[in-house]
Amino acid sequence: MSIAGRTERAEPSRKQLMAAAIDCFARLGYQGSSIDRIARDAGVTKGAVYYHFRDKEDLLFAAVTDRVGSFQKEVLRETSDQDAITALRRVVDSCFFHATVSNHRRFIITLMIEALDTNPRLSEEFRKILRRMRRFLADVVRQGQEQRTFRTDVEPAAAAAALVAGIMGAEIQHYQDPEEIDLRAVLDTLVEQFAVWLAPGSAARTAGGTAW
């Protein structure tokens, strides 16, 4: 059997294991997920898991890298050549999709919270992810300011941090209380309020306060 042949057959198995691991991590957290549980959910032996990944942490980081990378590419594709307000709406749309249709966002947020005190390496990785997201959103705000569709007296980095906080806060509430929190409505309200707040002249209309 050629090496190329083994690679072609092994790759779907690796993806299958990462999908099973993401589901376990999203539902049970990192500490609550075991190689045994992941292998069982994936319908493979523990040996198959260890063939592709050194240990649970190696599997976790592969899954995080794969999912976050895909999410970032999707956001870049959806926001390319869009005006600033449309770009913000597309970001929110992507977050909503991954929070409700897939378990990507729940997976990330669950591990992010758990890693704060239990896994310094994972916590550092999520810190980098959040920084990339804030930088991207700050660039969108800056773009709007350059196009004169956003007020220029708002610091882009601060606006980006506030938007990330709003998105993550809405998602956490939805995960905790889905019957009470309509995530679509909350995210739509969030981006519309940001559009009002960032609109030129909004500072004067609110006499120094925000439009919130």
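Bear in mind that the values in this text are calculations on the coordinates, not laboratory data. Model, not experiment: these values are computed from the prediction. Glycine also receives a Cβ, built like all others from the backbone with ideal geometry; neighbour counts cover every protein chain displayed.
So what's Rg/Rh here for the range 121-191, counting alpha carbon atoms and using the Kirkwood radius for Rh? Provide the component values of the computation, followed by the final result.
Details: Rg = 14.3 Å, Rh = 13.5 Å.
My calculation puts Rg/Rh at 1.06.
Quick one: putting +1 on the C-beta of Lys and Arg, -1 on the C-beta of Asp and Glu, what dipole do you get for the chain around its Cα centre, in Debye to the nearest 20? Please report the intermediate quantities before stating the final value.
Working: 29 positive and 29 negative charges, 123 e Å.
With only Lys, Arg, Asp and Glu charged at Cβ, the dipole is about 600 debye.
For the chain, with the dipole built from +1 on Lys and Arg beta-carbon atoms and -1 on Asp and Glu ones, taken about the Cα centre, which of M18, Y30, Y51 lies farthest toward the positive end?
Positive-most Cα among the choices belongs to Y51.
About its Cα centre, what dipole magnitude does the range 48-95 give when the only charges are +1 on Lys and Arg Cβ and -1 on Asp and Glu Cβ, stated in debye to the nearest 20?
Numbers: 7 positive and 9 negative charges, 11 e Å.
The dipole of the range 48-95 has a size of about 60 debye.
Based solely on its DSSP helices, what 222 nm [θ] is calculated for the chain when runs of n ≥ 4 H residues each add -39,500 (n - 2.57) and the sum is averaged over all residues, nearest 500 deg cm²/dmol? Display every interim value, and only then the final one.
On the way: 10 runs with 169 residues, N = 212.
Result for the chain: -26500 deg cm²/dmol, rounded to the nearest 500.
Pull up the cross-link candidates among the lysines for K73, meaning alpha carbon to alpha carbon under 27 Å and not fewer than 8 places away within one chain.
Excluding near neighbours in sequence, the set is K15, K56, K128.
So for the chain, taking the charge dipole from beta-carbon charges (+1 Lys/Arg, -1 Asp/Glu), which of T189, L111, A62 sits furthest toward the positive end?
A62
So what is the relative contact order for the range 56-202, in percent, with contacts set as C-alpha pairs under 8 Å and at least six apart? Let's see the in-between values first.
Working: 106 pairs, mean separation 35.2, N = 147.
Relative contact order for the range 56-202 comes out at 24 percent.
Trypsin sites (Lys or Arg not before Pro), restricted to the range 114-210: which are DSSP loop and have at most 14 other Cβ atoms within 10 Å?
Answer in residue order: R148.
Can you give the angle from 0 to 90° between the axis of helix 3-32 and the longest principal axis of the chain, with both taken from C-alpha atoms, to the nearest 10?
For 3-32 against the chain, the angle is about 60 degrees.
Could you work out Rg/(2.2 N^0.38 Å) for the chain, with Rg from alpha carbons only?
The chain yields a ratio of 1.19.
For the range 124-210, which GluC sites (Glu not before Pro) pass both filters: DSSP loop (anything but H, G, I, E, B) and at most 15 other C-beta atoms within 10 Å?
Hits after loop and neighbour filter: E179, E180.
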